[in-house]
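What follows is calculated from the coordinates using simple rules that are stated; it is not laboratory data. Given the structure is predicted, the values throughout are model-derived calculations rather than measurements. Here the Cβ is made from the backbone with ideal geometry for all residues, glycine too, and neighbour counts use every protein chain on show.
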Amino acid sequence: MMRKMIYVSLTLGLTLGAATGQALAWGCTAVDSQGAYGYSYNWPDEQDAELAALKQCDKYTKTKDCQTESCDPNG
């Protein structure tokens, strides 16, 4: 009986989780005018993913003019 309840709970949880259609992780890319780039992945929200990509790009450039190129909710 207990096993059946656990199975039903897990199945219901997975089904409802998949049905929401919400992104599980964000990823972004950033580039600068000289070709340096940075990327991020597996962040809980777009803003954090964007900041991480920009920060990584800035580590590899002297111009410090990195711009976000794209963000993806499934990154």
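Just a few scattered comments:
- Around L54: net Lys/Arg minus Asp/Glu count, Cβ-Cβ under 12 Å: -3
- Equivalent ellipsoid dimensions for the range 24-75 as semi-axes, Å, which come from the Cα gyration tensor, largest first: 20, 8, 7
- Cβ-based net charge around T29, under 12 Å, with every Lys or Arg adding one and every Asp or Glu removing one: -4
- Looking at the range 32-75, the trypsin sites (Lys or Arg not before Pro) that sit in a DSSP loop and have at most 13 other Cβ atoms within 10 Å of their own Cβ are K62, K64.
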